[in-house]
Amino acid sequence: MKKNSKEFVFSRRVDAFFLDVVSIHKFITRFFKELFRRPFEFKEIIHQCYVVGVKSLLLISLTGFVIGIVFTKQSRPPLVAFGAASWLPSLIGIAFVRAIGPLVTALIAAGKVGSNIGAELGSMKVTEQIDAMDVSAVNPFKYLVVTRVVATTVMLPILMLYCTLVGMMGSYLNVHANELTSLVSYFDHAFSSVSFIDVWSAVIRSFFYGFTIGIVGCYRGFNATNGTQGVGKAANRAVVFSMFLIFAEELVAVQITNWINGI
Amino acid sequence: MKYNIQQGESRDIVISVSDLHISFGRLAVLKGIDLEVYKGENFVVLGRSGSGKSVLIKTIAGLLKPDKGIVNVLGLQVDKLKVHDLQKLRLKMGFIFQSSALYDSMTIRENLEFSLVRNFKHMTAREVLKAVEEVLDAVGLREKINEMPSELSGGQIKRIGIARTLIIRPEIMLYDEPTAGLDPITCTEINQLINEVQSRYNTTSIIITHDLTCAKTTGTRIALLQDGNFIRMGSFTDVFDPGDSRVKSFYDYNFIQ
Ligand SMILES: Nc1ncnc2c1ncn2[C@@H]1O[C@H](COP(=O)(O)OP(=O)(O)OP(=O)(O)O)[C@@H](O)[C@H]1O
Ligand SMILES: [Mg+2]
């Protein structure tokens with residue numbers, strides 16, 4: 001070890017942050033290098049996709065559904081006051097496709113899947129299982145990291161579409177109870193205000209969120225230290241850091257989408 | 001079965017370490033280790049907890065990089081190898097971790113197959129299963145094939161750890177404290193297993209331990225690690241010269257226990 005760990009350029013925290021940025025960058029570069037290198041762990045990727053889906057499906061359904069109902073219920077009075085109750089489905093369509101669907105899915109996945117990845121890889125790290133793979137001539141980065149990051153990246157857009165649909169169904173319950181709108185005309189209204197760009201923007205954003213959740217979880221787990229305590233820390237940091245990044249990405253994405261839409 | 005090395009006989013060097021230095025921050029753990037392990041022998045490294053035994057064996061396996069010095073395994077300099085060549089070399093090395101490090105999300109069978117199915121692609125499922133059963137027989141745990149690591153006892157976990165490395169038919173076995181934390185009878189069994197493995201698969205081994213019984217029953221040669229260097233090296237009787245106070249404290253400690 002070359003550098004004495006007690007010498008900081010700035011404060012301990014600021015230094016740690018910049019060191020993190022550098023090593024995450026290296027981690028991502030390594031991911032893309034290994035992604036296209038044989039052998040491919042297809043079976044493990046499928047398994048990880050399944051894990052991501054199973055881990056978050058219930059919570060995403062529940063949250064999406066409840067938000068759909070609550071959001072509609074709370075938005076009705078002001079719209080009614082303006083005599084615009086018939087715009088409710090459009091509002092819901094826009095809200096879910098543009099903002100709620102992608103964000104809710106990403107945050108729940110960060111909480112459930114990201115922490116799970118951080119804890120799992122963290123405990124494999126501190127119990128030397130990752131070293132064990134290494135010495136048995138299997139590349140642990142490929143087997144553990146590449147598969148998980150691919151899985152979260154692929155699954156997030158799918159979960160996002162699912163969350164959006166479930167949320168809109170929840171909302172439909174409320175709309176139907178009040179206005180007796182048919183399902184077809186509800187969705188017709190809801191989607192008429194949603195543009196092609198809105199949908200693609202949501203899908204692409206979800207790709208990035210999925211990638212973020214996977215990379216951050218794996219990075220934290222892969223670099224866990226200090227025994228059991230380190231495992232908890234890895235899981236916790238994975239969630240906090242990926243949520244932070246998701247919010248940052250969302251802010252950038254909104255700017256870009258608005259710019260494309262010419263708003 | 002025990003391999004007796006005659007002085008002056010020409011012997012193949014399998015592992016050689018020269019002037020190895022490793023430190024963590026300010027803590028210098030290894031300070032100029034020199035070591036040669038010959039083909040077919042069981043080389044035992046004894047030392048107190050924290051003396052750097054695990055660090056030494058991990059450096060030989062290429063898990064840690066030396067700050068200074070050279071580590072050669074089968075004529076290749078471990079820390080200078082490209083990823084691909086290192087993987088190839090590792091197929092000739094078996095590493096048994098102090099903690100065994102079984103993959104706890106996989107069954108015993110999947111643990112054993114893991115490296116095999118990824119590195120020997122030409123093997124059929126049937127051949128793989130046969131190999132698994134063979135090594136399980138070698139460690140006497142055939143009936144545990146479908147259990148999870150969490151369902152095994154400490155001694156059984158050690159055995160599976162050994163089986164998992166045996167399955168790739170390594171030329172070199174690196175044992176990190178194979179008997180730590182086990183009762184004396186299980187220790188004896190593991191020691192027997194180590195000797196069996198050596199004679200059956202004709203391996204060259206480094207065995208890290210702080211257990212004198214293990215050292216005595218398995219070791220062809222013994223080295224005593226203290227303060228970052230080998231303070232004695234030779235056969236068991238050579239090393240445990242009661243006249244040397246540094247050795248004596250170790251000796252007393254082990255037998256009073
Ligand atoms: N990754 C690491 N980072 C910092 N220090 C380390 C690291 N690995 C080992 N050390 C330090 O090196 C020293 C030797 O550790 P090592 O694990 O080799 O001991 P050991 O001889 O195997 O002991 P034991 O018999 O308890 O297993 C210890 O003081 C330990 O704190
Ligand atoms: Mg040790």
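The values are calculated or read from the model by the stated rules, or taken from the named source; none is laboratory data. Being a predicted model, the structure only gives us computed values, none of them experimental. Backbone-built Cβ (ideal geometry, glycine too); neighbour counts: all protein chains shown. The protein model used for the area step is the full one, side chains on, heavy atoms only, and it has no ligands, DNA or RNA in it. Shrake-Rupley method; radii C 1.70, N 1.55, O 1.52, S 1.80 Å.
Mean silhouette area of the protein assembly as shown, derived from the convex hull of its C-alpha atoms and averaged over all directions, reads 31.0 nm².
Here residue B:80 is the anchor, and the aspartates and glutamates within straight C-alpha reach of less than 20 Å, apart from those fewer than 8 places off in the same chain, are A:131, A:134, B:19, B:34, B:36, B:67. Across the options A:253, A:228, A:209, the greatest Cα extent toward the positive end of the charge dipole of chain A (unit charges at beta carbon of Lys, Arg, Asp, Glu) belongs to A:228. Measuring nothing but how far apart in sequence close Cα pairs (under 8 Å, 6+ apart) lie, relative to its length, chain A scores a relative contact order of 30 percent.
Positive end of the dipole of the protein assembly as shown, charges at C-beta (+1 Lys, Arg; -1 Asp, Glu), about the Cα centre: which of A:16, B:245, A:151 has its Cα farthest in that direction? Selected residue: A:16.
If you sort A:17, A:82 by accessible surface, 1.4 Å probe, largest first, the order is A:82, A:17.
Here is the list for segment B:49-150: trypsin sites (Lys or Arg not before Pro) lying in DSSP coil, each with at most 14 other C-beta atoms within 10 angstrom of its C-beta, are B:82, B:121. Packing order of peptides A:153-166, B:12-25, highest average first: A:153-166, B:12-25 (average count of other Cβ atoms within 10 Å over each peptide's residues). Its residue count N fixes a reference of 2.2 N^0.38 Å for segment A:42-261, and the Cα radius of gyration divided by that reference is 1.17.
Partners of residue B:39 within straight-line reach, counting aspartates and glutamates whose Cα lies under 15 Å from its Cα and excluding those fewer than 8 residues away in the same chain: B:9, B:12, B:171. Taken one residue at a time, the phi angles of segment A:128-144 give Karplus couplings (6.51, -1.76, 1.60, θ = phi - 60°) of 6, 5, 5, 4, 4, 4, 4, 6, 9, 6, 10, 6, x, 4, 5, 6, 9 Hz. Gly and Pro are set to x. Stokes-Einstein diffusion for segment B:139-238 at 37 °C, viscosity 0.692 mPa s, with a Kirkwood radius from C-alpha pairs, works out to 226 µm²/s.
Under 5 Å between amide hydrogens, built in the peptide plane, is the criterion, and for residue B:173 it picks out B:94, B:204, B:205, B:206 among residues at least 5 positions away or on other chains. Only helices reaching 27 angstrom along their own axis (Cα) with mean Kyte-Doolittle hydropathy no lower than -1.0 count here, and for the DSSP H runs of chain A these are A:12-35, A:42-81, A:147-179, A:196-222, A:227-261. Computed about the Cα centre, the dipole magnitude for the protein assembly as shown is approximately 920 debye when only Lys and Arg (+1) and Asp and Glu (-1) carry charge, each at its Cβ.
Close amide H partners of residue B:45, meaning residues 5 or more places away or on another chain with modelled amide H under 5 Å apart, are B:207, B:208, B:209, B:223.
Beyond 29 Å in Cα-Cα separation lie the following of the pairs A:112/A:142; A:142/B:130; A:233/B:144: A:233/B:144.
Distant-in-sequence amide contacts of residue B:98, defined by a placed amide H-H separation under 5 Å and a gap of 5 or more residues or a different chain, comprise B:176. Phi angles of segment B:208-220 translate, via the Karplus equation with coefficients 6.51, -1.76, 1.60 and θ = phi - 60°, into HN-Hα couplings of 9, 7, 10, 9, 5, 4, 4, 4, 5, 6, 9, x, 7 Hz per residue; Gly and Pro are given as x.
Each residue of segment B:21-26 was assigned a 3J(HN,Hα) from its phi angle through the Karplus curve 6.51 cos²θ - 1.76 cosθ + 1.60 (θ = phi - 60°); the sequence is 10, 9, 9, 10, x, 8 Hz, with glycine and proline shown as x. In this structure chain B gives 47 Å² per residue of accessible area when probed at 1.4 Å with all protein chains present.
Distance cut-off 21 Å, Cα to Cα: go down the list A:26/A:55; A:125/B:58; B:68/B:216; B:68/B:158 and report the pairs above it. Going by Cα-Cα distance, A:26/A:55; B:68/B:216; B:68/B:158 fall outside the 21 Å limit.
Taking every DSSP helix (H) stretch of at least 4 residues in chain B, weighting each as -39,500 (n - 2.57) and dividing the sum by the residue count yields a mean residue ellipticity at 222 nm of -11000 deg cm²/dmol.
Residues of segment A:128-161 buried by at least 10 Å² of accessible area upon assembly of all protein chains, compared with the chain on its own (1.4 Å probe): A:128, A:129, A:131, A:132, A:133, A:134, A:135, A:136, A:137, A:138, A:139, A:143.
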